[in-house]
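The values are calculated or read from the model by the stated rules, or taken from the named source; none is laboratory data. This one's a predicted model, so the numbers in the text were calculated from it and none came from an experiment. Backbone-built Cβ (ideal geometry, glycine too); neighbour counts: all protein chains shown. Ligands, DNA and RNA are stripped out before the accessible areas are found, and what is left, the full protein with its side chains, is counted by its heavy atoms. Shrake-Rupley method; radii C 1.70, N 1.55, O 1.52, S 1.80 Å.
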Number of protein chains: 2
Amino acid sequence: MTEFFNHFGQYIKVSAQLKEELTKRITFKTFAKGEMLHSADRICTKSYFIQKGLLRIYFLKDGREVSEYFSCEGDWTNSPRSFIQHKLDLYYIDAIEQTDVYILEVHDLMFLFNNFPEMERYARLSMGSTFGYLIERITSMRFTTAKEKYEHFCEVYKGIYHRIPLGMVASYLGITQETLSRIRAEK
Amino acid sequence: MTEFFNHFGQYIKVSAQLKEELTKRITFKTFAKGEMLHSADRICTKSYFIQKGLLRIYFLKDGREVSEYFSCEGDWTNSPRSFIQHKLDLYYIDAIEQTDVYILEVHDLMFLFNNFPEMERYARLSMGSTFGYLIERITSMRFTTAKEKYEHFCEVYKGIYHRIPLGMVASYLGITQETLSRIRAEK
DNA sequence: CTTAACTTTTGACCTAAATCAAAAAATCAC
DNA sequence: GTGATTTTTTGATTTAGGTCAAAAGTTAAG
């Protein structure tokens with residue numbers, strides 16, 4: 001669980017007491033490649049912290065799977081609006097590779113928010129980072145060629161972009177797999 | 001300042017003491033139409049809460065202004081990464097209409113975070129809402145026609161979309177003004 | 001008012017990327 | 001290992017929306 005506590009340690013000082021409560025509330029699970037972690041027909045009550053592996057968040061558009069984003073080692077993953085606002089949303093989560101995760105239930109997280117003010121700070125700060133990533137992504141989606149979009153993707157997902165199948169990358173970028181295949185071929 | 005405290009009241013209980021500290025630290029200013037609130041050559045140390053009016057956050061791409069988003073009555077505005085991470089970023093902020101704002105300096109905000117744990121909660125919760133909006137926007141930008149993008153924009157900015165000049169809307173959507181003009185004309 | 005400076009619309013033409021189709025390559029299951 | 005399924009590549013064709021250019025409308029300043 002070292003990587004798990006280190007993650008919090010990036011933003012706040014993790015007291016022995018918080019560590020104990022986290023340990024008590026967290027569970028561990030391994031998902032096989034292709035296995036579903038979350039489906040759009042349920043409210044998302046779990047957040048997954050990836051110890052090892054790769055997850056994909058996607059939704060269905062006219063029957064086709066469109067990747068929303070990818071998460072790897074050291075990331076939290078859930079269906080954001082479903083988890084935060086406790087309502088249904090359109091996202092599915094599955095495992096691109098065999099993936100080991102720590103699981104935290106939303107009611108346990110609420111307990112932590114209510115009893116450890118530093119957890120509120122942790123949430124504020126870590127959300128702040130993700131914020132920047134989302135804004136940069138929106139920026140990079142407009143007035144850019146398919147090639148530029150792909151190059152931006154490779155930068156952001158440096159180190160893991162080769163672990164993600166081409167078709168999933170294409171839908172993440174909002175281009176067809178044929179176009180992405182041609183971009184990869186040309187250089 | 002009622003609208004200002006009401007905003008916090010949506011997320012947390014605002015104690016008399018917090019109210020007092022907020023009042024002490026906030027300043028008020030009016031910007032004329034077209035006036036700049038923030039420029040990319042400076043670090044953004046101020047956050048603006050709009051009492052009345054309309055602001056635009058934009059950046060320059062090949063010399064053209066690209067709208068990142070718009071903020072109106074009841075919204076906070078700043079250059080997000082610059083304000084949060086205290087570094088330079090590429091965004092400019094100007095006033096689309098004459099705009100009245102409450103101004104909070106980043107160091108005053110930090111004081112509030114350090115002395116009022118409920119402010120951390122406020123930040124977590126209000127960021128959570130914005131999060132949902134950003135993700136939905138990313139979703140709506142891929143595999144959609146220019147017309148669908150515009151319709152989504154009108155929904156999200158219902159009530160204020162007619163206050164924003166066409167060219168600014170077009171760049172927000174990542175389409176040309178000519179295309180947007182034709183979309184508006186056809187129906 | 002009147003001129004200047006933007007903003008929006010309209011028209012003609014062009015191109016990046018979509019679509020459709022099928023072959024080739026890689027991966028999986030037994 | 002072998003056939004079946006899935007993923008990726010390649011080719012031909014189409015199209016939505018971009019570019020360029022200019023006219024029409026609108027707003028602002030003196």
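Per-structure values
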| quantity | calculated |
| --- | --- |
| Across the identical copies, how the residue B:107 labels are spaced - nm, sorted shortest first, 7 Å along Cα→Cβ | 4.6 |
| Range of Cα positions in the protein assembly as shown per principal axis (Å), largest first | 58, 54, 36 |
| Over 24 Å between alpha carbons, listed pairs A:46/A:87; A:149/B:149; B:33/B:147; A:149/B:33; A:13/A:158; A:19/B:87 | B:33/B:147; A:149/B:33; A:13/A:158; A:19/B:87 |
| Solvent exposure ordering (accessible area, 1.4 Å, most first) of A:68, B:3 | B:3, A:68 |
| Crossing angle, helix A:106-115 versus chain A [Cα axis fit, 0-90 degrees, rounded to tens] | 50 degrees |
| Expected-Rg normalisation [2.2 N^0.38 Å, Cα atoms] applied to the stretch B:84-187 | 1.38 |
| Kirkwood Rh, angstrom, the stretch A:1-148 [1 / mean 1/r, Cα pairs] | 16.5 Å |
| Inter-label distance, nm, simple model (7 Å from Cα along the C-beta direction), residue A:155/residue A:30 | 3.8 nm |
| Alpha carbon centroid spacing (whole Å) that separates the stretch B:110-187 from the stretch A:25-48 | 30 Å |
| Shielding by other protein chains, B:137-143, mean Cβ within 10 Å | 6 |
| Convex hull of Cα atoms in the stretch A:1-67, direction-averaged projection (nm²) | 6.2 nm² |
| Accessible area of residue B:131 in the full protein assembly, 1.4 Å probe (Å², nearest 10) | 20 Å² |
| Along principal axes, Cα extents of the stretch A:42-119, largest first, whole Å | 43, 28, 16 |
| Within chain A, helix-based [θ] at 222 nm, where runs of 4 or more DSSP H residues each add -39,500 (n - 2.57), nearest 500 | -14000 deg cm²/dmol |
| Accessible area of residue A:41 in the full protein assembly, 1.4 Å probe (Å², nearest 10) | 110 Å² |
| Accessible-area order (highest first, 1.4 angstrom probe) of the listed residues B:62, A:75, B:89 | B:62, A:75, B:89 |
| Sum of side-chain charges, residue A:3 neighbourhood, beta-carbon under 14 Å (Lys, Arg +1; Asp, Glu -1) | -1 |
| log₁₀ of I(q)/I(0) at q = 0.33 Å⁻¹ - the stretch B:143-187, Debye sum with one point per alpha carbon | -1.43 |
| Label geometry 7 Å along the beta-carbon vector: residue B:61 inter-copy distances in nm | 1.6 |
